[in-house]
Structures are given as structure tokens and as C-alpha cells.
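Report on the following structure.
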Ligand SMILES: C[S@@+](CC[C@H](N)C(=O)[O-])C[C@H]1O[C@@H](n2cnc3c(N)ncnc32)[C@H](O)[C@@H]1O
């Protein structure tokens, strides 16, 4: 593991117990603005990459589809597993996912892409595991990412970008498809 990843894992491991208290409201506000842009009824398998403590799983609790939460921080996942005993939590680096190609219908990246050196390897992994026409949905910090640059990266990888916009709080959001 390179030092930036190691540092991210350490930081999130150390703060896992307080994450929900600090960030639940802000993350839920993001979900409320992004999820309505996607038709999840067509997704049978959903991945939440860098899904941490499973806040998105809580938000989508009425959904019948399978949701897999993967994250680099074991302690974040442990908090999630304690809250949601039958949830599917997998400890994995977003740049090297232990999932086969073309296996999922929707991949979420909520507030994770500021952590790796570059967003491209993680998004390329998303492209690999998504089915053709599968949906990708991303939020990133406005202070770190420029909208046009991230759109360019997504298009270079092979995604179409259906919508990119500024959320009412803090982040930029992108919804696209694997073409
Ligand atoms: C700000 S939190 C967001 C968590 C979750 N997506 C949410 O909406 O609450 C960022 C998450 O990214 C995870 N992360 C950082 N680098 C990662 C990597 N290389 N692979 C997978 N997860 C990573 C962290 O462990 C942390 O759980």
C-alpha cells in the first residue's frame, strides 16, 4: 500500500467511531440530491465504493436490491457491520477491486475520490466491474476537483456523462453510464 493510501486508511480507522455523528447529516443531504437522478429499480447489484460505515445502505434501506459496500478502512466497515448485521461489507482498495468484470449495475463513489493520488485508477475499476450501460454516480469536493477535468477523465475512461452539477452543499456530482 502506498503512503497516501496507508495514511487514509489510518485516518479513517482512527475516526471510524465518530464518523456517523460528524458526517451523517451532510452525507444524507448528498444522497437526497443524487439518488433521485438514478433509476435504481433497474439495478440488481449495486456497489458503494469507499462506502465507509454504510450510511448509503441506511439511506437505501427500503430498496430490495443487493448492495455491496467496499472500503479500504476495516474499522469503518466494522462500524457498518455492527449497525447492519446482514449487510455485505468488503475490505478492498478502490484501485484494485476483488470483483469480476461486468458484474454490477450501479457503482457509487460518495466523497471517496479525494483520497487516492488520482481518481482515474478507481474510476477505471468502476468501469471494469460495471455492466454495459451500467450507471456511475460520484460526488467530489469542489475545493479539490474541477467539474470539466473530472468530466474529461470520465469520458477518457469510456463513460458518458449524463449530468454534472453543484450540490447545494459542498460537492460536485456526476451521473453517467458505461458505454
Ligand atoms: C468521506 S468517507 C465517505 C464514506 C461514504 N462514502 C459515505 O458516504 O459516508 C471516505 C471513505 O473513503 C475510504 N477510502 C479512502 N481511500 C480509499 C481507497 N483507496 N479504497 C477504498 N476506500 C477508500 C475511506 O476509508 C472512507 O471510508
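The values are calculated or read from the model by the stated rules, or taken from the named source; none is laboratory data. Note that this is a predicted model, so its numbers are computed, not measured. Please note: Cβ atoms are built from the backbone with ideal geometry, for glycine as well, and neighbour counts cover all protein chains shown.
Odds and ends about this structure:
- Apart from one condition, residue 82 fits all of (1) crowded, with 23+ Cβ neighbours inside 10 Å; (2) away from the ligand (no atom under 11 Å from the Cβ); (3) in a helix (DSSP H, G or I); the exception is (1).
- Residue check for residue 31: crowded, with 20+ Cβ neighbours inside 10 Å, touching a residue at least 40 places away in the same chain (Cβ under 8 Å), at negative phi and near the ligand (Cβ under 8 Å from one of its atoms): no
- Test: residue in the range 46-54 that is modelled with pLDDT of 95 or more, within 10 Å of the ligand (Cβ to nearest atom) and more than 21 Å from residue 120 (Cα to Cα): yes
Yes or no, residue by residue, for (1) away from the ligand (no atom under 13 Å from the Cβ); (2) touching a residue at least 60 places away in the same chain (Cβ under 8 Å):
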position	(1), (2)
18	no, no
21	no, no
24	no, no
42	yes, yes
59	no, no
66	yes, no
77	no, no
91	no, no
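- Of all the listed residues (114, 101), the sole one being touching a strand residue (DSSP E or B) at 6+ places or on another chain (Cβ under 6 Å) and either assigned to a loop (DSSP other than H, G, I, E, B) or surrounded by fewer than 18 Cβ atoms within 10 Å (Cβ to Cβ) (or both) is 114.
- The range 117-146: number of residues that are surrounded by 16 or more Cβ atoms within 10 Å (Cβ to Cβ), in a loop (DSSP other than H, G, I, E, B) and more than 12 Å from the ligand (Cβ to nearest atom): 1
- Per-region count, the range 147-161, residues surrounded by fewer than 14 Cβ atoms within 10 Å (Cβ to Cβ) and touching a strand residue (DSSP E or B) at 6+ places or on another chain (Cβ under 6 Å): 1
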